[in-house]
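Written out below as structure tokens is the structure these notes cover.
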Amino acid sequence: MPAIFNEARRAEIRQSLLAAGFDLMRERGLRRLTIDEVTSRAGIAKGTFYSFFPSKEEFVYQIVVKGRTRVATELEELADRAGGKIDRAAFESWLSRMWRDGAELYRAVGVDGWRYLSEKWPRERSFSPDVDREASEWILSKLDGVSPHADWRTFANLQKAIAMLYLNEENVHADALDATVGIIIDAMARALFDPEPSSPVPAPPSQPR
């Protein structure tokens, strides 16, 4: 007979499982993550796991949701304390913290793990344009001084660029990754706050033959 827990105990067990899963993904990677290891690390019977999560893929998705919820809550609280919206400096600081923490998740999943999840998850759980728009426009609604020329699609693409860098960390220059992410975050801020759209980068001069 399955164990019966009250709501407080269920919440505690769920958080223990998610924390154990995240730690193990960082240690072993997504593809090598097993439910046996998660339940052993959390001190929970394996059968109990399935009363919380129907599958490994759903479990990993809930780890992702937990991270997204945390950073969204932080932005909401920052905006509330600032009177409804945050300025450019606060936005860049929040975004830097978001990716400092989020990097761990993308590194743990890796590019092969992301391909695996993309095959298992519904499209709206992956890099869906509809989800991009909803999330990006919500973030922009919390910013003060956004340019009328700002395009949520540019912001979403730059966010994806950072995600892909961390997913593919083994194939990029890792010692310059943090600096690269900083440059992309600066580009996001310029795209959102500068009064005029950025000028196209001029083509390099042709080389003499």
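The values are calculated or read from the model by the stated rules, or taken from the named source; none is laboratory data. Note that the coordinates shown come from a computational prediction; the quantities given were computed from them, not determined experimentally. Note that we place each Cβ from the backbone using ideal geometry, even for glycine, and neighbour counts take in every protein chain shown.
Condition test on G110, is it out of contact with any strand residue (DSSP E or B) (no Cβ under 8 Å at 6 or more places or on another chain) and surrounded by 15 or more Cβ atoms within 10 Å (Cβ to Cβ)? Yes; evaluated as a whole, the condition is true for this residue. Looking only at residues of segment 118-143 that are outside any helix (DSSP H, G or I) and either polar (S, T, N, Q) or at pLDDT below 85 (or both), we find that the one that is surrounded by the most Cβ atoms within 10 Å (Cβ to Cβ) is W121. Looking at segment 63-78, is at least one residue more than 16 Å from the chain's Cα centre (by Cα) and either farther than 19 Å from G102 by Cα or surrounded by 15 or more Cβ atoms within 10 Å (Cβ to Cβ) (or both)? Checked against the condition, which is being more than 16 Å from the chain's Cα centre (by Cα) and either farther than 19 Å from G102 by Cα or surrounded by 15 or more Cβ atoms within 10 Å (Cβ to Cβ) (or both), segment 63-78 yields at least one hit. The set of residues in segment 1-11 being in a helix (DSSP H, G or I) and either of a type outside the set (D, E, K, R) or free of Cβ contacts under 8 Å to residues at least 24 places away in the same chain (or both) consists of E7, A8, R9, A11. For G110, the criteria (1) under 15 Å from the mean Cα position of the chain (by Cα); (2) modelled with pLDDT under 95; (3) at negative phi hold in every case but one, which is (3).
Checking each residue of segment 12-35 against the condition of being modelled with pLDDT under 95, under 30 Å from I183 (Cβ atoms), small (G, A, S) and not in a helix (DSSP H, G or I) gives at least one match.
The rows are residues; the columns are (1) in the same structural domain as V65 (by TED's automatic domain parsing); (2) over 20 Å from I184 (Cβ atoms); (3) at pLDDT below 90.
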position	(1), (2), (3)
I86	yes, no, no
E92	yes, no, no
S96	yes, no, no
G102	yes, no, yes
Y116	yes, yes, yes
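For (1) touching a Phe, Trp or Tyr at 6+ places or on another chain (Cβ under 7 Å); (2) without any contact (Cβ under 8 Å) to a residue 12 or more places away in the chain; (3) surrounded by 12 or more Cβ atoms within 10 Å (Cβ to Cβ), each residue gets a yes or a no:
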| site | (1), (2), (3) |
| --- | --- |
| S16 | no, no, yes |
| A19 | no, no, yes |
| S40 | no, yes, yes |
| G43 | no, no, no |
| T48 | no, no, yes |
